[in-house]
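Just below is one structure, and these are the notes that go with it.
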Amino acid sequence: MAEPTAGDADARQLAGLGLTSGFERSMSFWENFSLGFTYLSPVVGVYSVFAMALKAGGPPMFWNYILVGLGQLLVCLVFGEVVSQYPISGGLYPWTLRLVGRRTAWLAAWVYGWALFTTVAAVAVGGAPFMAQLLGLEFSNSTAIWVAVAMIAFTTLLNVSGTRLLARVAMFGFLCELAGAVAVGGYLLLAARRQPLSILFDTGAFGSGAGYLPAFLASSVAAMFCYYGFEACGDVAEETPDAGTAIPRSMRMTIYVGGGAASFVCLALLLSLPDLPGAVSGSVVDPVGATLQAALGPTGFRAVLAVVMVSFLSCLLSLQAAASRLLYSFARDRMVFGSALLSRLSPRTKVPVAALVVTGVVPVLIASIGHWLQDAVNAIISFAAIGIYVAFQIVVASALAARARGWRPSGAFRLGAWGWPVNAAAFLYGTGAVLNMIWPRSPADPWYVNCAMLVTTAAVVLSGLAYMAVGRPHEPQA
């Protein structure tokens, strides 16, 4: 008689949850971790928002990478308990469904789905200037949009090729990004350092003591942009062997390694700035590019650009994989329009091709608005980070509510007596993070810019509630 395998145990666990899986369970632990790492993408996160963070809070903004990392680790531990018991594709939606029920799960999936769509658009638009520089294209707004569209189309084609290619590309992206972060950061610190460590404590014109707090909180939004993606490890749970044990561990490793790399890259850039006052004032528009060109020269800068573009493309690939599995899981429960098509797996590649196409088409449409309404697309993209955090809070609050009703985690990963305090601390941290992100800070700008995160969040939540009220998609379908 054949010995039971990890796959048999995974199938039995899913069967106990009332599910069977048609996915190919071929993603190793390290490939699963790589998916989360490339979604979190420290290079993409730091390079995209470094100028904004520096202008908002000066060099002491660096400490946000440590503090936000600790806060997100609390959220990660809560997610680890949930996914260990419910290792189901789609992540946040099936977790919330089983913790508190269909209505809350539907809203969580709606918010998280739109956040993922806008994040794909945001990463593509953010990577377009780097790609244009690498290819030697004359940069303009229209060029950036077309480059972003091409990047999304490319990663969509890679994704529909199957789980094995996704896993291999994610692993390649992880190795390139980590090696690039260590090599470039190490070189900057050893051979191109221009600033003393004391700048990390110099608040300058931003105020001192409690007076510096508003600037510090404003700059913390940049670190928050760098610390999500670990949940993607759980989005592909049905494609990972021994998911109940492997995924909580790969989530934690994503925080440790990804957060450590982001902090290291940020520190190296800060200490290597050739014009610190100009970077803080905003007169140096691209302090990352200025620092790298001054330290590495034109040839070295282009080599770094190549690594940066691998990071952006790997990030897009992982984002689309996460979004498609969410959409698939949503459709498998007949919770969304077009469920029959969106819940279909390709018989050849074992991936949800229709769902993947949607995760390419919708972000392309969002990015393409920029051809005519650049401010509008910027406002929509501002929902990317806040939407993820709102969706995270729905899961954290759902776990807290489930504990209050007697839920006891029964997966391989459990916090035991620490479950309640960690869950409560994660909820307090996440609520504070959401409030901090939506807080209006630019009174001189038009209201739709100053309140962009609040407006877009309200629009997504209210549209979801309206859809629920009219279409009743959360109710069991006949």
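Listed here are the residues, each with its yes/no results for (1) over 19 Å from the mean Cα position of the chain (by Cα); (2) of a type in the set (S, T, N, Q); (3) assigned to a helix (DSSP H, G or I).
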| site | (1), (2), (3) |
| --- | --- |
| GLY80 | no, no, yes |
| SER89 | no, yes, no |
| ARG103 | yes, no, yes |
| PRO129 | yes, no, yes |
| GLU138 | yes, no, no |
| VAL147 | yes, no, yes |
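Which residues, taken from the stretch 10-21, are surrounded by 15 or more Cβ atoms within 10 Å (Cβ to Cβ) and of a type outside the set (D, E, K, R)?
Hits for the stretch 10-21 are ALA11, GLN13, LEU14, LEU19, SER21.
Taking LEU70 as the residue in question, decide whether it is under 15 Å from GLY258 (Cβ atoms) and either in a helix (DSSP H, G or I) or hydrophobic (A, V, I, L, M, F, W, C) (or both). Yes: the conditions hold for LEU70.
When the stretch 203-224 is limited to residues that are touching a Gly at 6+ places or on another chain (Cβ under 7 Å) and either more than 11 Å from MET61 (Cβ to Cβ) or small (Gly, Ala, Ser) (or both), the one that is surrounded by the fewest Cβ atoms within 10 Å (Cβ to Cβ) turns out to be GLY204. Please go through the stretch 254-268 and pick out each residue that is surrounded by fewer than 24 Cβ atoms within 10 Å (Cβ to Cβ) and more than 24 Å from GLU31 (Cβ to Cβ). Hits for the stretch 254-268 are SER263, LEU267, ALA268. Within the stretch 80-91, residues that are at negative phi have Cβ atoms under 9 Å from residues that are crowded, with 24+ Cβ neighbours inside 10 Å and acidic (Asp, Glu) in these pairs: VAL83/GLU231; PRO87/GLU238; ILE88/GLU238; SER89/ASP235; SER89/GLU238; SER89/GLU239, counting only partners at least 6 apart in sequence or on another chain. Entry remark, the stretch 235-254: residues being in a loop (DSSP other than H, G, I, E, B) and among the acidic types (Asp, Glu) number 1 in total. When both residues are 6+ apart or on different chains and their Cβ atoms are under 7 Å apart, which pairs have a first residue that lies in the stretch 443-461 and is more than 20 Å from VAL111 (Cα to Cα) and touching a residue at least 40 places away in the same chain (Cβ under 8 Å), and a second that is of a type in the set (Ser, Thr, Tyr) and assigned to a loop (DSSP other than H, G, I, E, B)? Matching pairs, first to second residue: VAL449/SER442.
There is at least one residue in the stretch 13-30 that is hydrophobic (A, V, I, L, M, F, W, C), assigned to a helix (DSSP H, G or I) and modelled with pLDDT under 90. The condition (being within 24 Å of ALA399 (Cβ to Cβ), part of a helix (DSSP H, G or I), modelled with pLDDT of 90 or more and not small (Gly, Ala, Ser)) is satisfied by just one residue among PHE33, PHE62: PHE33.
The sole residue among ALA391, ALA399, ALA466 that is out of contact with any helix residue (DSSP H, G or I) (no Cβ under 9 Å at 6 or more places or on another chain), under 15 Å from THR104 (Cα atoms) and not hydroxyl-bearing (Ser, Thr, Tyr) is ALA466. For the stretch 408-435, a residue qualifies if it is in contact with a helix residue (DSSP H, G or I) (Cβ under 7 Å, 6 or more places away or on another chain), surrounded by fewer than 16 Cβ atoms within 10 Å (Cβ to Cβ) and not in a loop (DSSP other than H, G, I, E, B), and the qualifying residues are TRP420, ALA424, THR431.
Considering LEU35, LEU54, the condition of being of a type in the set (A, V, I, L, M), within 30 Å of SER283 (Cα to Cα) and buried (at least 24 other Cβ atoms within 10 Å of the Cβ) is satisfied by LEU54 alone.
The values are calculated or read from the model by the stated rules, or taken from the named source; none is laboratory data. Quick caveat, the model's predicted, so the values are computed rather than measured. All Cβ positions, glycine included, derive from the backbone under ideal geometry; neighbour counts span all protein chains shown.
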